[in-house]
Amino acid sequence: MPHPAPRTRIRRASVAAATSGLLTLAAGLPASAAASATPTISLSAAYLSGAVGGTGEPTLTVKVAQSGTDAAALTVTASASSRTSVARTTDVSVTGTGSSRTVSVAARGQGYTDLTLKVTGSGGSSATTKLHYAASAAVSGAAGTRYFTGSSDASAAVDVGGGYLVVADDESNVLRLYNGAVSGAPVKTWDMSSKVDADKEIDIEGAARVGNLIYWTGSLGNNKDGEYKADRNTVFTTTVSGSGAATELTYAHAYKKLRDKLVDWDEDNGDRYGFAAGTGDGQAPKQIDGFNVEGLEFAPGSTTTAYLGFRAPLVPPKGGGKGLIVPVTNVDKVLASGSAPVFGTPIELDLGGLAVRDIRKNAADQYLILAGSWAADDNSDPYALYTWDGVAGHAPVKDVDLPTTDPGGWEAVVSVPDLSVPGQRAQLITDAGSADLYGDGTEAKDLDHDEWKKARAALFTVS
């Protein structure tokens, strides 16, 4: 019988020739005529927050591509919104060209929506992705308001130059670097937990900078249930290198006995402020007779004497009581070598029945005191800014009552401008951890996504 091999070779050769011809034909056609690859689209983050009436709002980056097509030829649009009362497709702005685009959203109303972003490429092919967007309600002074995302429980802040600041959080031990001029995520973060050997939150509440050293203090009090937690009895330092966006922090030292030494000092002086009772088992810290440190700053002209500002107790512990500051005259040695702290003469300040929530000074020793309630209430309690010269016996002067109609309690002063020049503004930050930012009954600290957690910063004119 004839052998079939030659016919098989002929058929294979014919198929190969036909395939070659088709490839040659496709290669000679324009890209639109050939089968186009599907474009791709990806987001730098799947979650984004904003605010009704917000300025300097957070943005995100969209990356697009299509094989065989110049990225500049791709178009990116918002094609759908799951809740148009929050944001419509026309409220989404896409800027830039090439493979990287910037997306921003102008919120229309409070709440959540899923925005569909679509990339369209050559040949009409397209791809989509979802952006999960959350918008908080409008606030007073929106033009001067910025939102620092990634955390909602801002508790202390330090200026590091160039408009940048490092912000502490009383629910974690992470320090975050932000650009104070815009809303958005931190530029850098530093988790101090392992550095200071803390398993739980330090409850950072106060900070002060001297040269290239920043001092950070925990509240030193019990937790809200009146239980002693050792990590809260922590003061530590970080060394600063660089400035602005190039700022770097390096852990330096920690001290974990300041609370105990304050109690001993108070008892040695006739139990004047009731520190022993205020730190007792079952004693909640945010009571009029409790024990809670929230302010930290240095005395006028000093790099060694630190002022500890107390949220509680008031002095005396009743309505109309004064705010308390206790100087630590050798804080540099306490942190650097573990020396026993030496306490100076306490300072009692008439803050209209309010307590110290933060204290900050400038290079000219002009102070701003953020005064607020000792209570663990929401932002409905009064807040005020006082000016002071830092000298014991000199009375602080109320500068401005702070608004309490918006979510979050005023918690930190970033820096103090020259108070001798009229019209100067200071930036203040809120702790919004207990706030219902998006109208669904969820406290900000309990939100599932860090991008939706945020603290509000606002500018106030001071004199």
Restricting to the stretch 60-78, name every residue that is surrounded by 18 or more Cβ atoms within 10 Å (Cβ to Cβ) and part of a loop (DSSP other than H, G, I, E, B). Q66, T69, L74
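Sort out which residues of the stretch 208-220 are in a loop (DSSP other than H, G, I, E, B) and crowded, with 19+ Cβ neighbours inside 10 Å, and write them in order of number. Break it down stepwise before answering.
Our first condition is that a residue be in a loop (DSSP other than H, G, I, E, B); within the stretch 208-220, this holds for 211-212, 219-220.
Residues satisfying the conditions are S219, L220.
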Expected single match for out of contact with any Cys (no Cβ under 7 Å at 6 or more places or on another chain) and either of a type in the set (S, T, N, Q) or under 26 Å from D365 (Cα atoms) (or both) among P417, P407 is P417
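Being of a type in the set (A, V, I, L, M) and surrounded by fewer than 18 Cβ atoms within 10 Å (Cβ to Cβ) is true for just one of A392, A412, A435. Which residue is that?
Checking each option against the conditions leaves just A392.
Would you list the strands (runs of 3 or more DSSP E) that sit entirely within the stretch 221-324 and hold 3 or more residues that are crowded, with 23+ Cβ neighbours inside 10 Å?
Numbers: elements: 235-241, 248-255, 292-298, 306-315.
Answer list for the stretch 221-324: 235-241, 292-298, 306-315.
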Top-ranked residue of the stretch 325-339 - restricted to ones that are surrounded by fewer than 17 Cβ atoms within 10 Å (Cβ to Cβ) and part of a loop (DSSP other than H, G, I, E, B), ranked as nearest to the chain's Cα centre (by Cα): G338
The condition from (1) assigned to a strand (DSSP E or B); (2) surrounded by fewer than 21 Cβ atoms within 10 Å (Cβ to Cβ) that E205 misses is numbered (2)
Filter the stretch 79-110 down to the residues that are buried (at least 17 other Cβ atoms within 10 Å of the Cβ) and of a type in the set (K, R), then identify the one that is nearest to P39 (Cα to Cα). R101
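I want to confirm something. Restricting to the stretch 156-202 and keeping residues that are among the hydroxyl-bearing types (S, T, Y) and outside any strand (DSSP E or B), which single residue is nearest to S136 (Cα to Cα)?
Initial filter on the stretch 156-202 (among the hydroxyl-bearing types (S, T, Y)): 164, 172, 178, 183, 189, 193-194.
Narrowing further to those that are outside any strand (DSSP E or B): 172, 183, 193-194.
Values: S172: 23, S183: 13, S193: 31, S194: 34 Å.
It comes out as S183.
Every number here is computed from the coordinates shown, using simple stated rules; none is lab data. On a predicted model such as this, the values are computed, not experimentally measured, just so you know. Cβ: placed from backbone, ideal geometry, glycine included. Neighbour counts: every protein chain shown.
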